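The values are calculated or read from the model by the stated rules, or taken from the named source; none is laboratory data. Here the structure is a predicted model, which means the values were calculated and not measured. A quick note on method: Cβ atoms are made from the backbone with ideal geometry, for glycine too, and the neighbour counts reach across all protein chains shown.
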Amino acid sequence: MNKKLNIFLAGPRGFCAGVDRAIEMVKEALNKYGQPVYVRHEIVHNKYVVENLKSEGAIFVEELNEIKDKSRPVIFSAHGVPKSVPKEALELKLLYFDATCPLVSKIHKEVEHFDKKNLPVILIGHRNHPEVIGTMGQSNREIYLVEKKEDVKNLQLNQNSFVAYVTQTTLSVDDTKDIIKEIKRKFKNVIEPKKNDICYATTNRQEAVKKIAKNCDYFLVIGASNSSNSLRLVEVAKNYGSKKAILVEDVDSLNLNIFEDINNIGITASASSPEILVEKLLNKLKDNFEIKINEAHYQKEDIYFKVPQSLKN
């Protein structure tokens, strides 16, 4: 008799609207202009997605000067780019399309707005993440990056002056709350973004994990190790009661021996991971165990971001 596994499936999970739009933009560009289409940086942080697009004719580069054929279109990734990148594209006479997630673009506009008011800007985010590099590149002035509460204490800014803050879209909701509290504790006059910067998809996926983590002996997060939103989901699962939580980058090479002494597994996919990988994982478990899937009723996300008209055939 096969061993039984209870599976708790988080929802919502998987692709968000910004990721959907970015991938769609690469596909539309290939459809309209043929192969190859260049993409600056991984369009989204997911190997499966990147390899699929490569097989359809996308060529990924880290910098624009790596583009061999300057007559081909280039697409900027969903994470956003510093202002210097479109400027360089114009100098190189490249045809470019910007797939920056609209929720990241909103933060770029906030930075511009605070800049015009001569306000020092604090950015809560992870150093060297492409989204953070893009946001810091929206201003000619220094942006003060803080990654954790302790960094706020070290900020060399007048405690009585007005300061503004923005955040990366894919952070841990809980950690960010603590850092914002610390900023408000240190500075008397804090200007906040009009709306929360952490995106709806990040928040929803973290909330979905929080609801089921305590039922789980093991939590599997399908995602990439360079994906901020994937890594945060692993942290959230651990913090909210799952005995263990791991990132699954490659479903095929997942070692099933880890389930020997356990019965309850949580599964989710990060905002940059397609649902097909969840299905693949479930099929792998079905082939080896007797499984019972528990999926709570949840509100389906109905946010959609349009692909630019200029990419339509």
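Worth a mention:
- Residue count, the range 270-290 (criterion: surrounded by 16 or more Cβ atoms within 10 Å (Cβ to Cβ) and farther than 20 Å from F15 by Cβ): 2
- Taken over the range 278-305, the criterion of being assigned by TED's automatic domain parsing to the domain that holds V234 and in contact with a helix residue (DSSP H, G or I) (Cβ under 6 Å, 6 or more places away or on another chain) is satisfied by K280, L281, N288, I291.
- The set of residues in the range 85-112 being part of a strand (DSSP E or B) and in contact (Cβ under 8 Å) with a residue 40 or more places away in the chain consists of F97 alone.
- Comparison of E56, E28 shows that the only residue that is surrounded by fewer than 16 Cβ atoms within 10 Å (Cβ to Cβ) and touching a helix residue (DSSP H, G or I) at 6+ places or on another chain (Cβ under 8 Å) is E56.
- Any hit, the range 33-40, residues being assigned to a helix (DSSP H, G or I), more than 21 Å from the chain's Cα centre (by Cα), surrounded by 16 or more Cβ atoms within 10 Å (Cβ to Cβ) and in contact (Cβ under 8 Å) with a residue 40 or more places away in the chain: yes
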